[in-house]
1. Looking only at residues in the range 436-471 that are part of a strand (DSSP E or B) and of a type in the set (A, V, I, L, M), which one is farthest from Val486 (Cα to Cα)?
2. Yes or no: Asn154 surrounded by fewer than 14 Cβ atoms within 10 Å (Cβ to Cβ), modelled with pLDDT of 85 or more and in contact with a Pro (Cβ under 7 Å, 6 or more places away or on another chain)?
3. All but one of (1) of a type in the set (Gly, Ala, Ser); (2) more than 20 Å from Phe242 (Cα to Cα); (3) touching a Pro at 6+ places or on another chain (Cβ under 7 Å) hold for Gly423; which doesn't?
4. Please give the number of the condition His185 fails out of (1) within 22 Å of the chain's Cα centre (by Cα); (2) under 25 Å from Glu303 (Cβ atoms).
5. Restricting to the range 442-452, name every residue that is crowded, with 21+ Cβ neighbours inside 10 Å and over 29 Å from the mean Cα position of the chain (by Cα).
6. Restricting the search to the range 230-264, which residues are surrounded by fewer than 18 Cβ atoms within 10 Å (Cβ to Cβ) and not hydrophobic (A, V, I, L, M, F, W, C)?
7. Picking from Gly334, Gly319, Gly330, which residue would you name as being at pLDDT below 90 and among the small types (Gly, Ala, Ser)?
8. Which one is surrounded by the fewest Cβ atoms within 10 Å (Cβ to Cβ), of the residues in the range 183-200 that are of a type in the set (Asp, Glu) and in contact with an Asp or Glu (Cβ under 7 Å, 6 or more places away or on another chain)?
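The values are calculated or read from the model by the stated rules, or taken from the named source; none is laboratory data. None of the values given here were measured: they were computed from a predicted structure. Methodologically, a virtual Cβ is constructed for each residue, glycine included, from the backbone with ideal geometry; neighbour enumeration extends over all protein chains shown.
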Amino acid sequence: MKKIVILSGLLLLSVSFTTAPLCAEEKTVALPQSVYQAILNRLDELQQKVDSLEKDRNATEKKVEKLTEAEAENREMAAKLDGDVGNIYDTLDTVETRTLKDRLDWGMELRTRVDQFEVTDDLNVQTGKYEDYKTNNHWTSRFRFNIAAEIMENLSFNGRLAVYKNWANSQGAAYYPSADPNEAHIPGDSTLKLDRAYIDWILPNMPIPIGLTIGRQPSSEGPGAEFKENRLRQSTYPALLFDGEADGIVATLGLERFLKLKNSGLRLAYGKGYQSKDDQTTYLDGRWGLDDLNVYGFFFESELPGLRDSLLVLSYVHGDDFVDNPVDHGMNLGDMDLFGVHLQAADIADSNLDFFLSWGMNRSHPNGRFLDLPVDYDQSGRPITMPMGLLNADGKDSHTGWAVFTGLRYTTPWTMLNYPKIGFEYNHGSRYWFSFTQGSIELYNKLATRGDVYDFYYIQPFSKYLFLRAGYTLLDYNYTGSGWHVGQPMDSDQELENLYLLFDCRF
């Protein structure tokens, strides 16, 4: 623009001052001084406008450049922001996952086992004959998922889910005595069972330390069982007296500072052995008036003075209104009291020797009722029944039973073999022995045996996560009805032999 104005002025001036003709016919034009001055003034005005326009253009270009730079910066900032937001979410995910991991402790177990069973002189109630049975190559798998969480300083959660099944299972658990106390402790199908799920809540600001355990209790595989299972204590209650899955509420009073006995405490427990419900409306009791089996327990435990890694447990359990056969309406047969003493110690005097001893006693209190169980038919087709009350045949007689359970385990010094362990257990039950051991870790209710049990085992560790156990168990039954509270126990010559091998992986 500036060049155009200058050229125009030069042309005008050239017209005014030309003295030589451009061509033959060209003429010279003379301008007055006033006109010439007016032209110069006009040129100055034009030049000022041109300068102003140049400034405006430069300012506009600078603004455009700034806007372009700002837009680029904004885009760059937006991209950075997008990245930062992504990083923030990634960080939050990491923090959340880490927080969950800090709060939750997960663990898993997988057990694979093969058994060989042989039963001799088993009384068939239907035929009245004694028969022999043999089962070879019986395989099972058990998976457990353990969960623990520290919710807050005085509140924690523990749970365990389990799948326990026969290999290629096709019959389910129909032929097992399946019930709520052993749903996760007998082979069935591949559905997940709730073994335990409970909270431990330490009540704040109490003059005596008090903890509440609420939910499906840690009531299976208790003291005495952990040596053969090659693990730490799993349950509150000694295995001889109570071994099974149970729902309830337990209050624990810490007494260590009052009694000056290490790890001493008193537990008060309440739970249900059976809860009646309507066959159509699940929130109502049964229409036939069957009372619930309520269970109450009192347990005192402490470490034995002067003996580290030891345990003493004194137990009393009372059950109201035992039920005979709730599937077929059923009836209440009476009450039962159980008493127990348990002692154990690990690595006695640094000898690598572990030892435990349990004693139990039960006393029945029948209410006069009994069940007429059909066992056969006479020639007229009329049923022949067997009367069955609470540990009796008339519904009236009270009886006392007792049992003892003891064991030794020795950890060998064989370093090259990862310190394998050798163990032996023995238990004996009298004619009228009964306890709550329906959730036994074995495929048979070993601790309910009315007779003698001899149990040998060898544990071979491969690492802290994996071990093998091989064992042999002989059950010599002196009386019938082991593990069952209904009916009069009869003499028996039945024997059960079990030879097994299992692999356990825990992580």
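1. Pass one, the range 436-471, residues part of a strand (DSSP E or B): 436, 451-461, 466-471.
Applying the additional criterion that residues be of a type in the set (A, V, I, L, M) yields 453, 459, 466, 468, 470.
Values: Val453: 22, Ile459: 37, Leu466: 41, Leu468: 38, Ala470: 35 Å.
That would be Leu466.
2. In short, yes.
3. (3)
4. The number of the failed condition is (2).
5. Thr449, Arg450, Gly451
6. Asn230, Arg231, Arg233, Gly254, Glu256, Arg257, Lys260, Lys262, Asn263
7. Gly330
8. The residue in question is Glu183.
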